[in-house]
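Read through the structure below, which is laid out as structure tokens, and then see the notes.
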Amino acid sequence: MKQPNRMLRRAFIKGMASSAGVMLAGCSQTDPPTYGHVLRMGDLLTYKAHRLLLPAQALAREYDYADISSVPAIGTTNPSGHKEHGATYERLLANRFTDWRLPVEGSVTRPRAFSLDELKRLPSRTQITRHTCEEGWSAIAQWTGVPLRSVLESAGIRSTARFVQFYAYDGWVDGIDMLDALHPQTILAYGMNGRELPISHGAPLRARVETQLGYKSTKFLRRIVVTDNFDDHGARGFIQNGWSWYAGI
Ligand SMILES: Nc1nc2c(c(=O)[nH]1)N[C@H]1C(S)=C(S)[C@@H](COP(=O)(O)O)O[C@H]1N2
Ligand SMILES: [Mo]
């Protein structure tokens, strides 16, 4: 009586192993690569499993006003001191970001640069969400901004486009795939808790990527580039520094 059970279990384990194999074997040139230690292969498995199991447009939980908490400002809290872009940021800040422009370029049919007012004139979205930092804390805030989807659509997304890269005034560079870029809760936020986005939280504009850990929500946006291929941003990017490029939650 024990025998069939054991065989079933073995078949199940074999099935698991081969489906994991299929997932890994399915990785092509177009998947985000992993580098270094063999354990980092798990990053690709996590990415593929998320994309397989979660409906692409599943919404992150949204909260009530009463749930809003204080949010620590983490990482760069003012890029003024940055060696490459600090002086520019300082000048833009002095003019209250009236001269700030966000170029949206790369794999788009109508590359253009947006002023803050132009972004604010596009339909906005407000959401109260939980920010989860890889350091182990989380906090809830209300974010107001323009869906990244609207911005990309106004620049005309080419059919070959697959990733969106964010460049910041503190030298931070990162990217997300098109599924997260077009996600309804992925916004470029200029407001926080009903006020203008504070400098320490990424003024004048930051990304909110609610489907991933906090470090994917780039602050102090300087430039957006749509790409057909994965870009690891070399030594300045996350992957070669040992972070996971995909940090889905
Ligand atoms: N440009 C830029 N974006 C960034 C960071 C940063 O240092 N620079 N830190 C990241 C990390 S690790 C976190 S947890 C959040 C912190 O956002 P907050 O300061 O609004 O809490 O921003 C993310 N985006
Ligand atoms: Mo973080």
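A short reminder: the numbers here are calculations on the coordinates, not readings from a lab. Remember, it's a predicted structure, so these values are computed and weren't measured experimentally. Every residue, glycine as well, gets a Cβ built from its backbone with ideal geometry; the counts of neighbours run over all protein chains shown.
See the values below:
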{"item": "Coordinate range along principal axes, alpha carbons of segment 44-168, Å, largest first", "result": "43, 41, 31"}
{"item": "GNM flexibility winner over the chain from 212, 127, 57 (Cα, springs under 10 Å)", "result": "57"}
{"item": "Summed side-chain charge close to residue 189 - residues other than residue 189 whose Cβ falls under 12 Å, Lys, Arg +1, Asp, Glu -1", "result": "+4"}
{"item": "The chain, relative contact order in percent, only Cα pairs under 8 angstrom and at least six apart counted", "result": "21"}
{"item": "As computed over the chain, the Cα convex hull volume per residue (Å³)", "result": "154"}
{"item": "Candidates 231, 64, 180: whichever shows maximal mean-square fluctuation once the chain is modelled as a Gaussian network with Cα springs under 10 Å", "result": "64"}
{"item": "For the chain, with +1 on Lys and Arg beta carbons and -1 on Asp and Glu, the positive-most of 159, 127, 46 along the dipole", "result": "46"}
{"item": "Test item: Cα-centred dipole of segment 154-208, Lys/Arg +1 and Asp/Glu -1 on Cβ, debye", "result": "140"}
{"item": "FRET efficiency, 1/(1 + (r/R0)^6) with R0 35 Å, evaluated for residue 49 and residue 73 via beta carbons", "result": "0.60"}
